Amino acid sequence: MTSRPGEGSTFTIVLPARSEAPAQIAPAEAPRVEPQVSDSATVLIVDDDPAARELLAANLKGAGYRLVHAASGDEALSLARKIHPDAITLDVMMPKPDGWDVLSTLKGDPELCEIPVIMVTVAPERGIGLSLGAVEVLTKPVDRGRLTALLNRLVRRDGPVLIVEDDADTRAMMGNTVEKMGLAVEDTANGRLALSWLADHPHPAVILLDLMMPEMDGFEFLDALAAREEWREIPVIVITARQLTAGERERLLRQARKVLEKATATRVDIAAAIGEAIRRRHVAPAQN
């Protein structure tokens with residue numbers, strides 16, 4: 001600045017030739033979604049403790065679920081409205097809104113109130129949770145087998161498992177495996193008898209199908225299913241001792257959910273395939 005008496009003052013301001021770029025705002029972190037097949041049931045895991053979320057996720061890995069993580073009550077409600085999960089595991093002790101607040105909001109929303117909620121808490125508060133609408137209250141640390149069995153029961157389709165197998169011992173083994181999952185069992189000795197059963201009963205939750213059978217084999221049975229529009233959506237799991245050609249395997253995978261080999265498929269493999277096949281999703285279309 002320069003100044004002269006009676007003449008005035010001159011002010012000089014130096015401006016930079018290029019302004020600095022505005023500060024970048026970091027985008028909000030996207031919810032974590034663990035990869036899984038597209039038709040799997042979705043479980044929303046809600047807990048503000050990352051270690052607790054990871055532990056629950058580890059307990060559910062391998063069970064065929066699509067797992068979505070939420071780190072707060074507000075995030076849980078937002079995700080529930082967006083993805084309509086098949087079930088929610090909800091921690092009680094979180095910063096506001098805590099688990100009870102989230103549960104009350106879920107049960108008060110007509111679009112979300114039917115989603116089964118499993119409360120997870122360090123204290124025995126089962127009575128409170130059930131009175132507010134939770135289907136169960138589990139105490140930390142959560143028992144893996146109990147959690148998995150509970151979710152399987154909550155998100156499965158109605159109806160029995162239909163076993164189509166001509167060997168009586170194999171039918172008995174499969175039936176025992178299914179019954180241990182808490183599911184009803186029906187069985188027939190060949191494809192023709194299975195078609196008669198389907199014509200006289202409501203749809204089964206899933207069909208376990210042998211390929212090599214008298215009267216009507218598994219290939220013919222699958223063709224008959226495909227010919228009836230009302231039967232096309234019934235999930236089928238093929239369990240066979242046949243050495244499949246590449247063409248046969250490709251054909252089966254177009255008509256069946258999974259193909260298991262009798263020589264290597266264990267009871268655990270069969271149970272896992274059934275659990276994955278009979279879970280259903282109630283996902284509403286995303287709102288734009």
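A few comments on the model shown:
- A residue that is modelled with pLDDT of 90 or more, over 14 Å from VAL137 (Cβ atoms), in a helix (DSSP H, G or I) and not aliphatic (A, V, I, L, M) can be found somewhere in segment 106-119.
- Any hit, segment 205-213, residues being touching a helix residue (DSSP H, G or I) at 6+ places or on another chain (Cβ under 7 Å), at pLDDT below 70, in the same structural domain as GLU165 (by TED's automatic domain parsing) and closer than 19 Å to THR170 by Cβ: no
- Single unsatisfied condition, ALA184 versus (1) over 29 Å from LEU44 (Cα atoms); (2) aliphatic (A, V, I, L, M); (3) under 29 Å from the mean Cα position of the chain (by Cα); (4) surrounded by fewer than 17 Cβ atoms within 10 Å (Cβ to Cβ): (1)
- Looking only at segment 191-227, residues that are without any contact (Cβ under 8 Å) to a residue 24 or more places away in the chain and outside any helix (DSSP H, G or I) come to 1 in all.
The values are calculated or read from the model by the stated rules, or taken from the named source; none is laboratory data. Model, not experiment: these values are computed from the prediction. All Cβ positions, even for glycine, are placed from backbone atoms using ideal geometry, and neighbour counts span all protein chains on display.
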